[in-house]
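The values are calculated or read from the model by the stated rules, or taken from the named source; none is laboratory data. Just so you know, these numbers come straight off a predicted model, no measurement behind them. Cβ: placed from backbone, ideal geometry, glycine included. Neighbour counts: every protein chain shown.
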Amino acid sequence: MSEKQGKMTEIRWHGRGGQGAKTACLLLAEAAFFSGKYVQGFPEYGPERMGAPITAYNRISDEECTVHSNIYTPDHVAVVDETLLSAVDVLSGLKEGGVLIINTTKTADEVRDELPGFEGPVCVVDAKKISMEMLGRNFPNTPMLAAVVKASDVLDEERFISDMRKSFEHKFHDKPEMIEGNMKALQKTMDEVRVE
Amino acid sequence: MKKIRAKEINEKITWQDITPGAEIYEPATSRYVQTGDWRVMRPEFIEDKCKQCLLCVPFCPDSSIPVKDGRRGDFDFAHCKGCGICVRVCPFDAIDFVKEDR
Amino acid sequence: MAIRERMSGNEAVATAMRQINPDVMGAFPITPSTEIPEYFSQFMADGLVDTQFVPVESEHSAMSVCIGASAAGARAVTATSSAGLAYMWELLYVAASSRLPMTMAVANRALTGPISIGNDHSDSMGARDSGWIQIYAESNQEVYDNFIQGVTITEATRIPVMICQDGFITSHGVSNIELLEDEKVREYIGEYEPEDYLLNSDHPLAVGPYGTAPYYMEVKRQQAQAMKDAMPVILEAAEKYGKITGRNYGFFEEYRMEDAEVAVVVIGSSAGTGKAAVDRMREEGKKAGLIKLRVFRPFPRIPLAEAMCRVKAVAIMDKAESFSNSGGPLFSEARSALYDLPQRPLAINYIYGLGGRDITVEDFDRIYDELFAIEKSGDPGDVYRYIGVRDSRDGEGQER
């Protein structure tokens, strides 16, 4: 990384087609944009199938980034589906001290037990539970996004919450009931999750 | 801008002067092409037998049967290719078909 | 004031189209350009445009719609990718040779086979001889800017214009962008007032006649001249655009070329990745530079050769094979452009990024290291090379 791009944060998302990892990635880009950052949010497409592993990426920086390659040494990794741990090397290239943010019912220690050799920080989020409670449906994106923001410390939290309202209003302009549910899910996640 | 007329486009025209995309800026330019030269058989109009039913006129593929004041005249031999359709459709044998003899 | 936004390259193109408010859009979906007609049809549904949106059953027909519309006197746009562009092939020639203005967005994608939705330039590079102007973009910002300029270029030159961006990489990548206000776009492009058009009953017109041997070649020669004459038009459009946006464009962009000893010539999004490698080289005191080609048709033969000849060694990058056994299309043309110069750099070709294969800053580092080695030795070795491909000979130190 050059000096010029020293403040850049790179995040890699792992999910399965149809679970919304790409959407979460684009939402993070949008939130970072609202915070005045230069952003990139882009998916890597493999087989175009529901359930197939997909990867998505974010670059967030105070200066414009011209690099258009995928991210191989992320600062943090977000895993939307814990079954991917056995299917994909989600820790590949993760920088020293980088957080693994994962959607799971397990504890951080239980997750580390599944990843021999990994002793880095983990942030667990039971996105399904939060989503079912707040939205009545399993849309893990919003809790995942909130957990990533909290764990990565890439954005100011208060600014993030107010910006996300705008973002949901943009996205759900024809489904207003989704706006409040998503905002509640966001707040609950921000309150509950921690990096362990 | 003054447009080049179809009459002025011939095999001597340079690339600078030909129209963009070979566009043609007027209708009915086919009249400049003397397709009558292609004829090997020629129709002969027998005015005495003609009842002026004008059935031959719409059948002519080359618009070579001139009509004036509701009556047809002799063929336009500059464009008639000698296809003979008019001979076939005439109900009164008013068109003969003979070998072209130039 | 510019409007600060964030959006994908596809949304950027669709937004440009909304602001342009074209008369006709011929539309048929194909990955990765599908989002363009999707966004646009939403604009239609929201009543934001007056466009006649013509959904058809194939790209062959989408291009035919644009041809018919343009001949009739309408401002026409469309979008496509890959096999869709290939299916337009014969009509690309009809549009160009009939000198019909239109602007087409291409989200570049590989051609089959194997079947792939990944990005490369084989679709538009295959169409390079069809007589269309081709302008390529590094980012969502550039594809937006290029599309708006494309409208003025096509109407001033009567040559159809392809505005290309890298499929998925920029078409689906969301990043920051500055948009113009709608009225500024409309002021920039102006009203479209063709001199001749089919729906003008006062001046009858025939379009697309048969060209017999005594005429065909004169028409083609004039078409070639139009492409040549498009060069200053493209620069004028860029200059006028630069005045309202502060974003300046030319045939190509020179990045840190002032004192460069070696350079990479590259098209599209990978140029941005290459720039990061240049910065890294410069920090180590190595004089690396980069030329990003923006306009591939007309090919800026003389200015590009002059820019390249200032370095000692140049790597010309192709995101398309041409199976010529002599390198890719950009290499063939760029190296040929150097031939007329008394002093020319050593030139090598890299085929890269086919079918969505990623190219990284580290790959560019390796290319620059190789260029410095060539500069030192004076021996380019085999000029026709690949980068980013697995090779069983890797590690054996063999020349490839």
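A compact table of results
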item	result
Residues that are over 14 Å from B:Arg39 (Cα atoms) and surrounded by fewer than 18 Cβ atoms within 10 Å (Cβ to Cβ), drawn from segment B:68-86	B:Lys68, B:Asp69, B:Gly70, B:Arg71, B:Gly73, B:Asp74
Tally, over segment C:138-161, of residues that are in contact with a helix residue (DSSP H, G or I) (Cβ under 6 Å, 6 or more places away or on another chain), farther than 16 Å from C:Leu235 by Cα and away from chain B (no Cβ under 14 Å)	4
Pairs, first in a loop (DSSP other than H, G, I, E, B) in segment B:67-96, second of a type in the set (S, T, N, Q), C-beta under 6 Å, six or more apart	B:Phe75/B:Ser64; B:Asp76/B:Ser64; B:Ala78/B:Gln34; B:His79/B:Thr35; B:His79/B:Ser64; B:Cys80/B:Ser64; B:Lys81/B:Thr35
Some residue of segment C:45-65 being surrounded by 24 or more Cβ atoms within 10 Å (Cβ to Cβ) and acidic (Asp, Glu)	yes
Every residue from segment C:105-114 that is part of a loop (DSSP other than H, G, I, E, B) and in contact (Cβ under 8 Å) with a residue 60 or more places away in the chain	C:Arg109, C:Ala110, C:Pro114
Total residues in segment C:224-275, condition within 14 Å of another protein chain (Cβ to nearest Cβ), outside any helix (DSSP H, G or I) and of a type in the set (A, V, I, L, M, F, W, C)	3
Top-ranked residue in segment B:49-63 [being without any contact (Cβ under 8 Å) to a residue 24 or more places away in the chain and not in a helix (DSSP H, G or I); ranked as farthest from B:Asp93 (Cα to Cα)]	B:Ser63
Residues satisfying the stated conditions in segment B:56-102, i.e. under 10 Å from B:Arg42 (Cα atoms) and of a type in the set (Phe, Trp, Tyr)	B:Phe75, B:Phe77, B:Phe97
Conditions (1) facing another protein chain (nearest Cβ under 10 Å); (2) in contact (Cβ under 8 Å) with a residue 60 or more places away in the chain: number failed by C:His203	(2)
Those helices (runs of 4 or more DSSP H) lying entirely in segment C:2-87 with at least 3 residues touching a Leu at 6+ places or on another chain (Cβ under 9 Å) and modelled with pLDDT of 95 or more	C:9-20, C:59-72, C:82-87
Residues satisfying the stated conditions in segment A:45-63, i.e. out of contact with any Lys or Arg (no Cβ under 7 Å at 6 or more places or on another chain) and either more than 30 Å from C:Thr31 (Cβ to Cβ) or modelled with pLDDT of 95 or more (or both)	A:Asn58, A:Arg59
Residue match in segment C:172-188 (condition: within 14 Å of chain A (Cβ to nearest Cβ) and acidic (Asp, Glu))	yes
Of all residues in segment B:14-54 being under 30 Å from C:Ser98 (Cα atoms) and of a type in the set (D, E, K, R), the one that is farthest from the other protein chains (Cβ to nearest Cβ)	B:Arg31
Selection count where residues are farther than 18 Å from C:Ser322 by Cα and not in a loop (DSSP other than H, G, I, E, B), scope segment C:340-356	1
